[in-house]
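Q: Before we start, here is the structure in question, set down as structure tokens.
The values are calculated or read from the model by the stated rules, or taken from the named source; none is laboratory data. Keep in mind that this is a model prediction, so the values were computed, not measured. Cβ: placed from backbone, ideal geometry, glycine included. Neighbour counts: every protein chain shown.
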Amino acid sequence: MCKEPVHFLLLCIESYKFEHNMTGGDVMNLFDDCGAVDFIIKFHDVLHIESPQAIVHQIDDFISAAKRADTTQSISTNTVPARA
């Protein structure tokens, strides 16, 4: 596996696009939208020891959590606060 963050990011993009039958551009847009690029770079030292399939699973989990957090934040910012 790649140990340098940028090379590892490329491996993750290629693995993710293959696993999900996406284009590289679509993967980058998804990763940029949810912060997965920062996640991959920040945790590359831990992720790089996993198989490509396990890495894709970890990225999927991160993306799902980011989407849930974004939805929760949108709901909480659009909800009228309860009166005391």
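Q: Restricting to the stretch 25-60, give me the number of residues that are of a type outside the set (A, V, I, L, M), surrounded by fewer than 18 Cβ atoms within 10 Å (Cβ to Cβ) and outside any helix (DSSP H, G or I).
A: The number of residues fulfilling the criteria is 4.
Q: How many of the residues in the stretch 1-24 are under 23 Å from residue 70 (Cβ atoms), assigned to a helix (DSSP H, G or I) and either modelled with pLDDT of 95 or more or of a type in the set (Val, Ile, Thr) (or both)?
A: Looking only at that region, the number is 6.
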